[in-house]
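Here's the structure, in structure tokens; my notes come after.
Only the coordinates and a few stated rules stand behind these numbers; no lab work does. Remember, predicted model here, so these are calculated numbers, not experimental data. Here the Cβ is made from the backbone with ideal geometry for all residues, glycine too, and neighbour counts use every protein chain on show.
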Amino acid sequence: MGKKKAKVKKAKIKVDKAEAAERIRKILPLLKKIYPQAKTALRFTNPLELLIATILSAQCTDARVNMVTKEVFRKYRTAKDWAKADLKEIESDIKSTGFYRNKAISIKGVCTEVIERLGGNIPDTMDELVKLPGVGRKTANVVLGNAFGVPAIACDTHVIRLSRRLQLSGNSDAVKLEFDLAEIVPKKDWTLFSHMLIFHGRNVCKARKPDCQNCQIAEFCPAANGPALW
Ligand code: SF4
């Protein structure tokens with residue numbers, strides 16, 4: 001039997017909301033300068049494609065998802081195509097994205113419901129999106145922000161890590177953290193802000209080795225060069 005990895009619960013950091021809001025005021029313009037083109041790397045041409053690409057992106061790189069969707073979006077053009085497809089065939093088509101059995105069930109389930117209950121249309125509200133099987137707030141926020149232009153903060157692992165390091169939120173729970181950010185980031189910037197944190201997390205503020213020496217927002221970061229990098 002393999003060793004069980006101990007689960008480390010991240011401590012809740014105490015964050016002063018007024019100070020966090022002030023930090024946002026300072027880092028937002030900087031991040032906008034550094035990442036003027038920040039947007040999702042997932043390729044899509046309509047809300048259905050983005051919803052499926054987002055489901056496929058769990059535990060998978062965006063580049064790999066784009067390689068797979070380039071093919072599957074030619075084969076399955078509508079929610080009906082996915083809903084009526086054989087589960088095994090979907091599994092085989094999306095296999096290289098990993099966790100393909102669960103993803104295939106999720107995609108087929110979502111598309112079946114979209115056909116049967118929503119007339120084939122992907123909903124454009126959080127309430128309706130999270131009613132779809134297997135769709136959580138993160139996926140819903142990606143679809144709202146990027147396919148419908150509705151301001152939305154998608155809290156992925158980078159957004160959570162950077163928000164904690166920058167002491168914008170003390171929470172590690174994605175939903176609580178999303179609500180914390182929503183209080184201090186101007187609504188019009190919600191979608192862009194999550195993309196900019198993702199870019200910064202990938203390029204500079206990496207999980208294991210943040211490059212604080214070359215970080216352009218270090219001046220305003222409580223974790224800069226400090227021992228406590230959460
Ligand atoms: S200063 Fe360091 S910890 Fe803070 S955002 Fe930059 S890279 Fe991350």
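Calculate, for residue 95 and residue 206, the FRET efficiency according to 1/(1 + (r/R0)^6) with r their C-beta to C-beta distance and R0 25 Å; round to the nearest 0.05.
Working: r = 29 Å, r/R0 = 1.15.
That pair, residue 95 with residue 206, gives E of 0.30.
Distances between placed amide hydrogens fall under 5 Å for residue 205 paired with 211, all partners being 5 or more residues away or on another chain.
At 222 nm, what helix-only mean residue ellipticity would the chain give, in deg cm²/dmol to the nearest 500, using -39500 (n - 2.57) for each DSSP H run of four or more?
For the chain, the value works out to -16500 deg cm²/dmol.
Placing pseudo-labels 7 Å out from each Cα toward the beta carbon at residue 70 and residue 127 gives an inter-label distance of 4.1 nm.
Rg/Rh for segment 47-147 (Cα atoms only, Rh after Kirkwood) is 0.92.
Computed on the chain, the Cα convex hull volume stands at 140 Å³ per residue.
A full extension of the chain between residue 32 and residue 16 corresponds to an added length of 3.4 nm, given 0.36 nm per residue minus the alpha carbon distance.
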